[in-house]
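The values are calculated or read from the model by the stated rules, or taken from the named source; none is laboratory data. None of the values given here were measured: they were computed from a predicted structure. Glycine gets a Cβ as well: all are built from the backbone with ideal geometry, and neighbour counts include every protein chain shown. Accessible surface areas use protein heavy atoms only, side chains included; no ligands, DNA or RNA. Shrake-Rupley method; radii C 1.70, N 1.55, O 1.52, S 1.80 Å.
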Amino acid sequence: MTGFSKLAKVESKLLLRDPGALFSMAIPLFILVIFSSGARPGDTTLPSMSMTIAAGLVGLYMVPTTLATYRERGILRRLSTTPVSPGALLSVQLILQLVFAMLASAVLVAVSVVIFQAAPPARVVAMVAAFLLGTSAIFAVGLVIAATAASGRAANGIGVLLYFPLAFLGGLMQPKEAMPELLATIGGFTPLGLFRQAVHDAWSGAATQPLLLAIMAIYALVIGLVAARFFRWE
């Protein structure tokens, strides 16, 4: 077994034991269950919102908290003296967090369709593309937090403080139609707002909006480069 695969195995076990993983899985599922009683059969709005909540919690809460904690404890610095580089740990963490976000989303899709009679995703390929671009953009924001936070606790706090205004603007706390027009317009261009809309379009069968995908890709690239520029290993 290679060093990378061993690292992935260890980090997988740690992720499954992380209370934050349970929190990130349970909260969107709880919201889906609570509010589905008032949803119409075939509805795709609430399920797509739940998926966005899950991706947001993983990207803005789990990613920065984990990486900043590793740096605070000197794990990244110690890895630099071993054949397994800190970059390998970063790569493993991002892959595992992405897989976890995909698993959480798959559970939400299954529960929505099987239990609450939501319409199944109409355009699966477009939905996967929206999911990957959206999570990349959200993870990039989480990496900036991890890059600049002084500690794991600070990263946790910053992530939570950033999550709630982004969730509000992105239409996750109330329908976009109920928001003031200016706020709804601004929220539509935030990472969570873009993710929610792109996933909803694909799930409901609406035409793909290339602009949404392009902006998410730009977010992922530009913010990711900023994170790489300022990331501190110790």
Filter result (closer than 14 Å to L166 by Cβ and surrounded by fewer than 20 Cβ atoms within 10 Å (Cβ to Cβ)) within region 187-217: G188, F189
Mind listing whichever residues of region 128-173 are outside any helix (DSSP H, G or I) and of a type in the set (A, V, I, L, M, F, W, C)? A149, A150, L172, M173
Condition met for G171 (without any contact (Cβ under 8 Å) to a residue 12 or more places away in the chain and open to solvent by less than 40 Å² (accessible area, probe 1.4 Å)): no
Looking at (1) more than 18 Å from the chain's Cα centre (by Cα); (2) open to solvent by 60 Å² or more (accessible area, probe 1.4 Å); (3) aliphatic (A, V, I, L, M), which is the only condition I158 fails? (1)
Of the candidates V222, V160, V141, V226, the one satisfying the condition of being hydrophobic (A, V, I, L, M, F, W, C) and touching a Pro at 6+ places or on another chain (Cβ under 8 Å) is V141
What do you reckon, is A184 open to solvent by 20 Å² or more (accessible area, probe 1.4 Å), over 17 Å from the mean Cα position of the chain (by Cα) and among the small types (G, A, S)? no
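Yes/no matrix, rows are residues, columns are (1) open to solvent by 30 Å² or more (accessible area, probe 1.4 Å); (2) touching a Pro at 6+ places or on another chain (Cβ under 8 Å); (3) farther than 27 Å from F189 by Cα:
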| site | (1), (2), (3) |
| --- | --- |
| S36 | no, no, no |
| L57 | no, yes, no |
| Y70 | no, no, yes |
| F100 | no, no, no |
| L103 | yes, no, no |
| Q117 | yes, yes, yes |
Which condition from (1) open to solvent by 50 Å² or more (accessible area, probe 1.4 Å); (2) β-branched (V, I, T); (3) part of a helix (DSSP H, G or I); (4) modelled with pLDDT under 95 is the one that T81 breaks? (3)
